[in-house]
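Read through the structure below, which is laid out as structure tokens, and then see the notes.
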């Protein structure tokens, strides 16, 4: 049985251009759970080599605290992909993001390059799920290597390739996203929802986050710092949910002490599986509190 992801907060992951030194520095003070230093879409071809060096140097210099720092490299079919992986292998990032992944072979090739470049076993690989072929091979991709840590939905590219509208709630991509959530849970991977394109649509963004929570995502990928607080709030356990979780744990513990496997809490049947869910919720809340980035 796969091991489920640890209760590490992954409510908000902000894309930041690897070529923008000011943005890389600002990331050290933002309340995001994670940062994705981007060498791909956010960087012009002429600036790719410079961005690679800047992102690697920023990670080596540290100062990002509890934030999970990922580097998104260029596709291995481009002139920059291999060198991106080699430079990122020893930079000290938490993970590497591979774009346009469509097969397990691509993931294994990236893993070999990282390993040959001296990457530690703790360096995770994250895959962008953003093409129809990639979605159809989601399980093959998930099973490709133990280094795989998570999936990120690339809904901009996916909408383009599916020839559907990129609506605020992503309903035209519901099947693709739900399949990836299913695969991620089956293989013990984290999974993050795609970006909300209108950074000034506060109400729409909040609704999109609530929908992503209901669909089972761990968090949201972001394109602007102003959306961090809303994502953090949406993907964090609410006070009411935490109160219920603690009641479930306490009631079941008392029932077990009396030799009973099930108990009623607020009129609802509670058994071991509900305790496991409640315990994970409490652990997530504690992990969020430990980061000091609740805002």
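Read-outs: derived from the displayed coordinates by stated rules, not from any lab. Only a predicted model underlies this, so the values are computations on that prediction, with no experimental measurement involved. Neighbour counts run over all protein chains shown; Cβ positions are idealised from the backbone, glycine included.
Taking R0 as 41 Å, what FRET efficiency do you get between residue 246 and residue 224 from their Cβ-Cβ distance, rounded to the nearest 0.05?
Efficiency for this residue pair is about 0.70.
Nearest 500 deg cm²/dmol is fine: what mean residue ellipticity at 222 nm does the chain get from its DSSP H runs of n ≥ 4 alone, each adding -39,500 (n - 2.57), divided by its residue count?
Here the helix-only value at 222 nm equals -14000 deg cm²/dmol.
If you average over every viewing direction, what projected area does the convex hull of the Cα atoms of the range 239-291 give, in nm²?
3.6
For the chain, give me the percentage of DSSP beta bridges that are antiparallel, rounded to the nearest 5 percent.
Here the share of antiparallel DSSP bridges comes out near 10 percent.
Rounded to a whole number, what is D in µm²/s for the chain from Stokes-Einstein with the Kirkwood radius over alpha-carbon pairs (25 °C, 0.890 mPa s)?
Answer from the Stokes-Einstein relation: 123 µm²/s.
Give the calculated FRET efficiency between residue 160 and residue 260 to the nearest 0.05, with a Förster radius of 45 Å applied to their Cβ-Cβ distance.
Efficiency, rounded to the nearest 0.05: 0.25.
Using the basic label-point model (7 angstrom from Cα toward the beta carbon), what is the residue 201 to residue 167 distance in nanometres?
If labels sit at residue 201 and residue 167, their model points lie 1.1 nm apart.
Running a GNM on the chain with Cα contacts under 10 Å, which residue among 114, 242, 37 ends up with the highest mean-square fluctuation?
242
Using label points projected 7 Å from each Cα along Cα→Cβ, tell me how many nm separate residue 47 and residue 28, to one decimal.
2.1
In nm, give the distance between the simple-model label positions of residue 239 and residue 280, each being 7 Å from the Cα along the Cα-to-Cβ direction.
For the pair residue 239/residue 280, the computed spacing is 2.6 nm.
Provide, as a two-decimal number, the C-alpha radius of gyration of the range 168-295 over 2.2 N^0.38 Å, N being how many residues it has.
1.23
If packing is taken as the average number of other Cβ atoms within 10 Å across a peptide's residues, how do 217-224, 281-288, 172-179 rank, most packed first?
Averaged packing, sorted descending, gives the order 217-224, 281-288, 172-179.
Expected output is a single nm value to one decimal: the length gained when fully extending between residue 185 and residue 273, i.e. 0.36 nm times separation in residues minus the C-alpha distance. What is it?
30.1 nm
Which order do the peptides 59-69, 182-192 come out in when sorted by mean C-beta neighbours inside 10 angstrom, highest first?
Answer by packing, highest mean first, reads 182-192, 59-69.
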